[in-house]
1. Based on the Cβ-Cβ distance from D103 to E54, what FRET efficiency comes out when R0 is 22 Å, to the nearest 0.05?
2. Which of the listed residues, T63, P40, P104, is farthest toward the dipole's positive end in the chain, when Lys, Arg count +1 and Asp, Glu count -1 at the beta-carbon?
3. Can you give the extra length, in nm with one decimal, that the chain gains between M111 and E37 once fully stretched, where that is 0.36 nm per residue apart less the Cα-Cα distance?
4. Treating only the Cβ atoms of Lys and Arg (+1) and Asp and Glu (-1) as charged, compute the dipole magnitude of the chain about its Cα centre; round to the nearest 20 debye.
5. Want the number for D76 to C28: 0.36 nm per residue separation, take away the alpha-carbon distance, what's left?
Amino acid sequence: MTVSADTAAPVRVVDGVARLVAATCGACGGVTFPVRERCPACGSHGLAETLLPERGTLWTWTTQGFEPKSPPYVPDGEFEPFAVGYVEFPGYLRIEGRLAESDPERLRIGMPMRVVSYNHAGVSSYAFAPEEEEA
Ligand SMILES: [Zn+2]
């Protein structure tokens, strides 16, 4: 299935499990997230949709104690400090994202993380939640 950068949401729920939507280049095999029109490595248009594994590991993280710059951030009047990090999907790539857990005491590098989808100011997006925090 060929991907379109215009229509591809970054996250999709499949059988109740949130998965990130990436693209694999048919020419060089590179994996791209989010989906783009062309492969950033070789310029090919032959990208195919790839759903990343539902879990990765926390590669590194930090906390953000102030509201992000707007735009692109859409303030909703309910800002609270949060954590952001990179989650590594072995064999694919590392992806930056917001973490659903903001307590530094409960985050550690290398811990398993799962993808969660959430809605912010009407826009569908994704975050990463510690696996231990199973709902
Ligand atoms: Zn390529």
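1. 0.45
2. P40
3. That works out to 23.4 nm of additional length.
4. The calculated dipole for the chain is roughly 580 debye.
5. 13.2 nm
No value in this document is a laboratory result; all are computed from the given coordinates. In this text the structure is predicted, and so the values were computed from the model without any measurement. Backbone-built Cβ (ideal geometry, glycine too); neighbour counts: all protein chains shown.
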